[in-house]
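This report concerns only the one structure given below.
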Amino acid sequence: MNRVGLFAPLAVFALILAIGYFGFQLEDPHRLPSALIGKPFPDFAAERLDGEGGDLVRRADLLGSPVLVNVWATWCPTCKAEHDELLRIRAETAAAGAPVRIIGVNYKDDPAKARRWLAEYGDPYDFNLIDADGALGVELGVYGAPETFLLNAKGDVVFKQVGAIDGQLWQQEIAPRLSAMGVPVAYGEARSDAG
Amino acid sequence: MAAPAALTFLLCCWPAWGASPVDVYEFPDAEAEARFRALIAEFRCPKCLNTNLAGSDAPIAQDLRAAVHRLVVREGLSDAEVRDYLQARYGDFVLYDPPLKAATLVLWGAPVLFVLAGLGLIAWRLQHQRSAHLSDADQARLASFLDET
């Protein structure tokens with residue numbers, strides 16, 4: 001065996017190190033791709049947090065126009081950070097024509113605390129659903145809060161975000177999709193006017 | 001008498017405590033309970049990277065244990081139907097035994113490739129050694145050196 005050949009094991013070792021180093025950086029291992037993308041939002045029946053409407057809310061009640069379904073809870077600190085962004089999105093889309101529909105799923109929470117939270121911090125939601133035991137969450141493949149689904153008018157899941165929505169995500173992922181579905185959003189012109 | 005009784009109690013109940021310390025579930029028969037235990041041991045908790053549903057204290061694992069219990073006991077689903085239920089909602093992530101498809105081809109194919117590469121390396125080394133054997137002239141020369149000593 002020649003001298004260069006002696007370095008072959010070292011080269012293989014370096015290759016394994018490199019694969020390990022880059023391989024483990026490729027993707028956040030906590031990120032779980034949603035099994036629901038492109039599929040219909042599951043059927044469900046849930047009570048409203050505000051007690052209005054009488055009957056249980058079902059999947060059919062969400063259809064007709066694109067809607068954001070936001071899973072949140074008062075025990076979730078990230079939801080507080082996201083809450084301001086949701087309020088801002090409501091105000092921004094209201095200024096662009098009509099406020100985007102946001103339906104909340106109050107996930108494994110105390111309804112009284114949730115009502116107090118909305119009264120205190122503002123209410124960006126059309127209405128909220130109560131999921132006290134997390135059963136609706138299991139149907140949706142939710143494994144933490146906040147999570148947000150974007151549905152088209154037919155009720156198919158177009159996009160899902162695990163973790164908080166922030167300004168960047170709104171601008172890059174959600175607003176363009178809403179705009180493509182014909183929802184007026186202050187995307188592009190209005191933003192550059194402000195900037 | 002108290003000590004053997006306590007020991008018997010510990011021996012019976014200890015494993016049950018270890019399995020899932022928080023939830024108490026009722027089962028119509030031992031078979032349903034065995035199926036439930038096997039199923040929750042089989043799935044990966046979505047929140048934790050390498051813990052199964054049975055071994056995790058995460059709230060989502062508790063919810064999914066409750067869901068599996070409901071599906072097995074109240075709705076009478078088969079094991080395959082429970083697997084489909086969880087996979088439809090949480091994706092391949094929850095399966096410790098990933099299905100063979102385009103996205104997982106590397107996962108299944110890489111070990112085979114490594115074995116083939118190893119066999120190739122061994123074959124190459126054997127070939128190389130044989131070609132390093134002495135020629136007839138060198139053999140004769142070596143024999144003459146050995147005769148001299």
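The values are calculated or read from the model by the stated rules, or taken from the named source; none is laboratory data. Predicted model only: the values in this text are computed from it and were never measured. Here the Cβ is made from the backbone with ideal geometry for all residues, glycine too, and neighbour counts use every protein chain on show. Ligands, DNA and RNA are stripped out before the accessible areas are found, and what is left, the full protein with its side chains, is counted by its heavy atoms. Shrake-Rupley method; radii C 1.70, N 1.55, O 1.52, S 1.80 Å.
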Residue hits (segment B:41-70; part of a helix (DSSP H, G or I) and either within 14 Å of chain A (Cβ to nearest Cβ) or more than 22 Å from the chain's Cα centre (by Cα) (or both)) are B:59, B:60, B:61, B:62, B:63, B:64, B:65, B:66, B:67, B:68, B:69, B:70
Some residue of segment A:1-18 being exposed (fewer than 10 other Cβ atoms within 10 Å of the Cβ) and of a type in the set (Lys, Arg): yes
For residue A:85, the lone unmet condition from (1) more than 15 Å from the chain's Cα centre (by Cα); (2) within 25 Å of residue A:169 (Cβ to Cβ) is (1)
Exactly one of A:109, A:55, A:84 is free of Cβ contacts under 8 Å to residues at least 40 places away in the same chain, within 14 Å of another protein chain (Cβ to nearest Cβ) and over 28 Å from residue B:50 (Cβ atoms), and that residue is A:109
_Looking for something more than 9 Å from every other protein chain (Cβ to nearest Cβ), assigned to a helix (DSSP H, G or I), open to solvent by 30 Å² or more (accessible area, probe 1.4 Å) and free of Cβ contacts under 8 Å to residues at least 40 places away in the same chain - is there at least one such residue anywhere in segment B:91-102?_
yes
Of the residues in segment B:71-90, those that are open to solvent by 20 Å² or more (accessible area, probe 1.4 Å), hydrophobic (A, V, I, L, M, F, W, C) and within 11 Å of chain A (Cβ to nearest Cβ) number 1
Screening A:52, A:85 for residues that are of a type in the set (Asp, Glu) and farther than 23 Å from residue A:182 by Cβ leaves only A:52
